[in-house]
Structure formats: C-alpha cells, structure tokens
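*Asks:* Handing you a structure now.
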Amino acid sequence: MSAEDQSAPREPSGHQQSVVVHDRGAAIEQSDAFENPGLPPHRPRQTDLHPHKERRAERQVVGWFLLSMLGSVLAIVAYIAVPIELGNMASVRANNLFLGLSIALALLGIGIGAMHWARQLMSSHEVVEERHLTRGSEPSRARAVEIFQLGDEESGFSRRSLIRNTLIGAIALVPLPAVVLFRDLAPAQDAVEAIAHTMWRPGMRLALDPSGALIRAADVTQGSAFHVIPEPLAEIGHNEGYLDQKALAAVLLVRVPPERLNEVPGREGWSYDGIVAYSKICTHVGCPVALYEQQTHHLLCPCHQSTFDVSNHAKVVFGPAKRPLPQLPITVDDEGYLVAQRDFTEPIGASFFERLQHVDPEHVPLSAAETENRA
Amino acid sequence: MATRKKTGRRHPLASTALLLIGLVAAGGASAAVGTIANANPAPESAYSQSLTVEDGAELFRANCATCHGMNAQGTQNGTSLIGVGAASVNFQVMTGRMPMAFQGPQALKRDPMFTQEQSDAMGDWVASLAPGPERPAEEWLDTSQVSDEGLANGGVLFRINCAMCHNLAGAGGALTEGKFAPPLNGVDAAHIYEAMLTGPQNMPVFNDANIAPEQKREIIAYLRYLDDNPSVGGFDLGALGPVSEGLFIWIFGLGGLVAVTVWLTSKPN
C-alpha cells in the first residue's frame, strides 16, 4: 500500500483528521489522558482598572520616546563637542563614551517605550493560535505536480536530452575556476617543506631579537633569558617573509647551572657550558613558549599552560603538550660568539601528518622514561 | 483613605536600597579599618643623617640574618646574598618584598619596612661583600630623554622580552604553582630597572649585554606611556584580555539578555 492509498479515506473530510489507530500494545487509557487545562482566567491589569494608572503609563511611554529624541540630539552634540584629536588617545575614549551612551539612549528609548506601551496599554486579552499541518493539502500537492509536468512538457527538458545534459555539464564546470584560484592562495612552496625546516644552518650565529646583535657565551649569565633569532633574519624585510621565518626559527637561550643540567647521552655536545637553546614554539598548537622561571627552570606556555623543564631537555612536566621542545644544538665559533651547529633535528612546533618523515637521522630522541615522567 | 493603606507596604525598591546601604557601610568600615591598620608611623626624621656601611651591617644582622645568615652566606631558609649587589637589595627592600612576610610561592609587594637611607646602607654593605649589579644611575631612569622613536622601540622590546609574563598592557599574569608576574603600572622607574638587571625571584635576568641601559630606559618610558594613556575603549576590565572580558560578557551580557527576555514575556500585573 502506498502513502496515497493510506491517506485516501481522509479525502472526503477535507482538512479534518481521521486517526488511524494501530494497536501496538501501548494504547493510552482515555481516563488517564492529559486534559488541556485551558487558559487561566483573564486578569485585568492595573492600567485597565484605574484610569490614573493608565494615564501614568501613557506618560511613561511618552517619556521614553522623548528620552530617545534627547539621545539622538545628544549623539550629534557629542560628536561635534567631543571630537577625536589626532594623537590624543583620551579624546578617542571620550568620543566613544559619549557617542555610545547617547546612541544607546536613543535606541533603548524607542525599544523600552514600545515594550512598555505594548505591556501596559495595548489589549491584554490572551489569543490562541492553532498549529497547522506542515504538509500541504492533497489538491495543492496534485496541482504542484501538474505545474512541474506542464513545465517539463513545454520546455522539453526531458525530451531534449542533449540540451539538458550540456546545461548540467556547464553548471558543473562553473566552480572549477574558483577551485584553481583559491588553490593558488596557498604558499607556492610545498606546505610540508615550508614548515619542516627552519633557516638555522651550521655555523649560523645566534642574534638578539629584534636588533640582530650577536651574543657571546660570556654574556649569557646565570638566570638570563635571551630571545634569539638567526643572525641573517634581522636583515630580512617584513615583506620578504620575516615573520614566517621568525615563527619557525625563534629560540630561547638560557644558562642552567651545571649541577642542575641533566643531559642524555648523545646530546651532551648540543649545549655550551650549560647554555641551552630551545625552540620557542610550543609542541602543542604552536604558541610562543617564553614564560621562563629562572629558579625552577620551567618554561610555561601561556595558551594552555603546558610546562617544560629546561634543565631536563625541555620535557613536558604539565599540560597538554605531548613532546619536548626541540633543542637547537649550539657551540661557539673562534670569535667567541654562539653559533648553531645545524638546524633543529626534528620539525618544530605542533604535530602534522608528515612530521615523522622529517625527523633527522641524527636526532637523539629522549627515552620513554625521559618524556613520560610527568609531574 | 486609599493613600493611607500604602503605609503597611514597603516601596518596591526598599530592599534594594537597604542592600546598597548595607554594602556601602560594610565596605566603608572595612576600608577605614584597613587604612588605620596600614598607617605607618613616618620614621624618616630620626634617620635623616647619612648611614654608613657599618650601620647597614647592623641593620642586616638585626633584620635579615635570620634567613640569609650573619654574613649573608645563606641558610636553608634563605639564599646567599654574596654578589647580588646593591640593586637587588634596593629592589627587594624598597618594594617591601623583603623582609618576607612568610614563606610562600613568592614574596609579595607591600609597604617598605625601611627608609631609603637604611636600605642604601644595607645595599652598600651587601655590595662590599662581593661585586654585583649596582643601583642604576639617575641618567638611566630619566625617561624625559627618550625620543618618540625610543618609545616605540621600548614597546617592541617590551613585547619581545616582557609581555609574555607581564601582559601586553603590563597588567601582570599568572605563572606556575602560585607564582605570578606582578602588574607594572605605577612601579618606580628604579625598581623596574633593578628588576630587569637582577631578575628577582623567578624573573629572568636581563643584563646589559641582553638589554642595554638605554634600552632599559626605553622600556621604562614605554611603561610610563602605558600609565599615562589609559585604554582607548573605556573600561579595560584589568586589561587581562579574554578571561575578564569573557567573564564579563557571559555574566552581565548574557545575564542582561535573560533579564530582558524575562521582562518581555512576563505579564504586567
């Protein structure tokens, strides 16, 4: 039986519903059925009972509308009387404040007045609006099908299949230029190549952010925190990818007392005289980790509170990060300046699908005990 | 009489008014008590004569040696002060962080216990034990010498070296395990300089090779600029960013919307 057959008996009674009862063992006893309690008796408002209260409510509504007019005028006055003066930030604040207050008064005056009018003075009789079926009536549904069929017949949409198919093909091709255009917004370089390596190279000197001044090992006194960029980065212009490169290569340089510094075998040569350099980009989602506590040697990420222990290969001691911060192997050159031995041995920052393919064979991973010993 | 009948009924705003009066009274009393409790007898007149290094040693032994040892060598309750320099002593003593009120995650700022002369005498004595960072020269605290360009540079240096802990607006922020970076608004220029130079508590040291004295002066000038140019947008809600702003909009913004909705749909009596 199709849906039409089932609904056929309803036809004669028009929109009135005839309920088809299916006994599934869940019939409700009529005596238990919920009864519509109807609306509570209508209570007249104070404004309906007392003429003086009605007049007062009328005055209040008028008052709100007058306040709104005052607000509109005040906004114009404030704009002229409290102008924004170039270079004077306090004038911006005053201008914003007075404009905002007066425009708020103008809009709220209309809104509150209208609401007050409706609540206190307009008719307060309760009105019931019945819900209707979403489904259209059978005649209107049949008529809709008729219109479609007539349209198909007159246009020949089904009959002239060549025209129809070429139209579908043309519509299908329209979005293609957009795909190509938007695809070209991505970096021309392969995305993975762009983030898998930084600009650190063997022998590249460590320099201060942002001046580019070189750093001697002796300058890094105990407790210091140096925010470091590669020396050539200071010469790169903002339009030449300065921020892109900085976001990859930024490094924090600190000196840990020898008795506090724990170095795993294979990484002893990566520090110089207790001076260690770690990527400043969090391994969780890439925020700059730079909240260095010089007594605990903990590095805190301000975004999600991941905490790294710098004295212990920047292993994670708290928070959502899963991997230690990548370490930049450093040494000094013959002039006493700190230099990188090479690029990071693993991609810096947050994980990405191809990350493991770009871990260098020379990378010295921390043992499971080193990384999982979370506080 | 119809109007007489009202006497038995409270005005609808009576409870709100009573609550406000109560809050104002309690707050006022608390503030008054606090002012009296914090009132400090001004001792400066008694010590206006210059104090010697020996006086500094006496003051140190009387007030600091319990934790730092008779010769500032340190004990299990306090670090060694050999080589911390006069700058460190001036910062810790004149911001009231030392003597420490109690052992905790970090020493808290409060009214200083000593006069500038007493602090200087102790600083001179500590500096005589071993060389260390000296109190900054007046030249490096005079922010009137900083040009507009220097001011902008101070902002850049502040954002690179300081803002991650102390907040972009210098409003301070939380660190780990109860430690925090204090707000920087209104802090004395000498104390800002000394904090950068000596790295008190968990703050890193920013020595002159890292941030030169001229640059430290630019950073101080930038902080002064932040003090003198309050938030353009009006209430900055502590300048703590999404935390305080989010809290405000969730409680007062959404709360206000709920209140308006309740008002719109309620029946007038």
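*Asks:* From the list B:Phe235, B:Phe252, exactly one residue is open to solvent by 20 Å² or more (accessible area, probe 1.4 Å), among the aromatic types (Phe, Trp, Tyr), more than 17 Å from the chain's Cα centre (by Cα) and within 11 Å of chain A (Cβ to nearest Cβ). Which is it? Quick ask: steps written out before the conclusion?
*Replies:* Numbers: B:Phe252 fails: within 11 Å of chain A (Cβ to nearest Cβ).
Residue meeting the stated conditions: B:Phe235.
*Asks:* Here's another thing I want to ask about it. Kindly list the number of the only condition in (1) among the aliphatic types (A, V, I, L, M); (2) within 12 Å of chain B (Cβ to nearest Cβ); (3) in contact with a helix residue (DSSP H, G or I) (Cβ under 9 Å, 6 or more places away or on another chain) that fails for A:Val310.
*Replies:* That leaves (3) as the condition not met.
*Asks:* Another one. List pairs: first residue in segment A:43-64 and more than 27 Å from A:Leu107 (Cα to Cα) and loosely packed, with under 15 Cβ neighbours inside 10 Å, second residue charged (D, E, K, R) and modelled with pLDDT under 95 anywhere in the structure, Cβ distance under 7 angstrom, at least six positions apart or on different chains.
*Replies:* A:Gln46/A:Lys53
*Asks:* Looking at segment B:95-127, which of its residues are part of a loop (DSSP other than H, G, I, E, B), charged (D, E, K, R) and open to solvent by less than 80 Å² (accessible area, probe 1.4 Å)? Before the answer, list the steps.
*Replies:* Of segment B:95-127, the ones part of a loop (DSSP other than H, G, I, E, B) are B:95-115.
Then keep just the ones that are charged (D, E, K, R); that gives B:97, B:109-111.
Hit for segment B:95-127 is B:Arg97, nothing else.
*Asks:* Same structure again: Among the residues of segment A:132-152, is any touching a helix residue (DSSP H, G or I) at 6+ places or on another chain (Cβ under 8 Å), of a type in the set (Phe, Trp, Tyr) and open to solvent by 70 Å² or more (accessible area, probe 1.4 Å)?
*Replies:* No, that holds for no residue.
*Asks:* From the list B:Leu81, B:Leu59, which residue is not in a helix (DSSP H, G or I) and not aromatic (Phe, Trp, Tyr)?
*Replies:* Details: B:Leu59 fails: not in a helix (DSSP H, G or I).
Only one candidate qualifies: B:Leu81.
*Asks:* Related question: Out of all the residues in segment B:202-250, which are within 20 Å of A:Gly100 (Cβ to Cβ) and charged (D, E, K, R)? Break it down stepwise before answering.
*Replies:* At the first step, the residues of segment B:202-250 found to be within 20 Å of A:Gly100 (Cβ to Cβ) are B:229-237, B:239, B:244-245, B:248-249.
Once the filter is applied, which keeps residues that are within 20 Å of A:Gly100 (Cβ to Cβ) and charged (D, E, K, R), segment B:202-250 yields B:Asp236, B:Glu245.
*Asks:* Collect the residues in segment A:180-221 that are facing another protein chain (nearest Cβ under 9 Å) and free of Cβ contacts under 8 Å to residues at least 40 places away in the same chain, keeping them in residue-number order.
*Replies:* Of the residues in segment A:180-221, the ones facing another protein chain (nearest Cβ under 9 Å) are A:208-211, A:213, A:215-216, A:218-221.
Residues satisfying the conditions are A:Leu208, A:Pro210, A:Ser211, A:Ala213, A:Asp219, A:Thr221.
*Asks:* Could you list, in sequence order, the residues of segment A:223-248 that are within 14 Å of chain B (Cβ to nearest Cβ) and part of a helix (DSSP H, G or I)? Quick ask: steps written out before the conclusion?
*Replies:* Kept after step one, since they are within 14 Å of chain B (Cβ to nearest Cβ), are these residues of segment A:223-248: A:223-229, A:233-234, A:238, A:242-243, A:246-247.
Answer for segment A:223-248, where residues must be within 14 Å of chain B (Cβ to nearest Cβ) and part of a helix (DSSP H, G or I): A:Leu233, A:Ala234, A:His238, A:Tyr242, A:Leu243, A:Lys246, A:Ala247.
*Asks:* Still on this structure, I have one more. Please work out if A:Gly286 is surrounded by fewer than 23 Cβ atoms within 10 Å (Cβ to Cβ) and within 21 Å of A:His197 (Cβ to Cβ). Working first, answer last.
*Replies:* Values: surrounded by fewer than 23 Cβ atoms within 10 Å (Cβ to Cβ): yes; within 21 Å of A:His197 (Cβ to Cβ): yes.
Here the answer is yes, as A:Gly286 does meet what is asked.
*Asks:* Scan segment B:191-226 residue by residue and report those that are within 14 Å of the chain's Cα centre (by Cα) and either open to solvent by 20 Å² or more (accessible area, probe 1.4 Å) or not assigned by TED's automatic domain parsing to the domain that holds B:Gln145 (or both).
*Replies:* Just the residues of segment B:191-226 that are within 14 Å of the chain's Cα centre (by Cα), to begin with: B:191-192, B:195, B:200, B:223.
Result: B:His191, single match.
*Asks:* Same structure again: Quick one: would you say A:Leu176 is free of Cβ contacts under 8 Å to residues at least 24 places away in the same chain and either within 14 Å of another protein chain (Cβ to nearest Cβ) or loosely packed, with under 13 Cβ neighbours inside 10 Å (or both)? Don't jump to the end; show me each part of the working.
*Replies:* Working: free of Cβ contacts under 8 Å to residues at least 24 places away in the same chain: yes; either within 14 Å of another protein chain (Cβ to nearest Cβ) or loosely packed, with under 13 Cβ neighbours inside 10 Å (or both): yes.
So A:Leu176 passes the test.
*Asks:* So, of the residues in segment A:224-271 that are within 19 Å of A:His298 (Cβ to Cβ) and either charged (D, E, K, R) or not assigned by TED's automatic domain parsing to the domain that holds A:Thr296 (or both), which turns out to be farthest from the chain's Cα centre (by Cα)?
*Replies:* Out of the qualifying residues, it is A:Glu259.
*Asks:* Now for a different question. What do you reckon, is B:Phe180 at pLDDT 95 or above and aromatic (Phe, Trp, Tyr)? Give the derivation first.
*Replies:* Working: at pLDDT 95 or above: no; aromatic (Phe, Trp, Tyr): yes.
Answer is no for this residue.
*Asks:* Which is modelled with pLDDT of 90 or more and in a helix (DSSP H, G or I), of A:Ala207, A:Ala172, A:Ala194? Write out each step before concluding.
*Replies:* Numbers: A:Ala207 fails: in a helix (DSSP H, G or I); A:Ala194 fails: modelled with pLDDT of 90 or more.
Just one listed residue meets the conditions, A:Ala172.
*Asks:* Among B:Gly172, B:Gly154, which is the only one that is surrounded by fewer than 22 Cβ atoms within 10 Å (Cβ to Cβ) and over 24 Å from A:Ile281 (Cβ atoms)? It would help to see each step written out before you state the result.
*Replies:* Details: B:Gly154 fails: surrounded by fewer than 22 Cβ atoms within 10 Å (Cβ to Cβ).
Only one candidate qualifies: B:Gly172.
*Asks:* Hey, among the residues in segment B:137-196 that are part of a helix (DSSP H, G or I) and among the aromatic types (Phe, Trp, Tyr), which one's farthest from the other protein chains (Cβ to nearest Cβ)? Talk me through it step by step, then tell me what you get.
*Replies:* So in segment B:137-196, the residues part of a helix (DSSP H, G or I) come out as B:138-141, B:143-145, B:148-161, B:163-166, B:189-196.
Cutting the leftovers down to among the aromatic types (Phe, Trp, Tyr) gives us B:140, B:158, B:193.
Details: B:Trp140: 18, B:Phe158: 12, B:Tyr193: 16 Å.
The residue in question is B:Trp140.
*Asks:* Now a separate question. For A:His363, are the conditions met, namely being in contact with a Ser or Thr (Cβ under 6 Å, 6 or more places away or on another chain), of a type outside the set (A, V, I, L, M) and within 14 Å of another protein chain (Cβ to nearest Cβ)? Please lay out each step first, then the result.
*Replies:* Values: in contact with a Ser or Thr (Cβ under 6 Å, 6 or more places away or on another chain): yes; of a type outside the set (A, V, I, L, M): yes; within 14 Å of another protein chain (Cβ to nearest Cβ): no.
Answer is no for this residue.
The values are calculated or read from the model by the stated rules, or taken from the named source; none is laboratory data. Remember, predicted model here, so these are calculated numbers, not experimental data. Virtual Cβ from ideal backbone geometry, glycine too; neighbours counted across all protein chains shown. The protein model used for the area step is the full one, side chains on, heavy atoms only, and it has no ligands, DNA or RNA in it. Shrake-Rupley method; radii C 1.70, N 1.55, O 1.52, S 1.80 Å.
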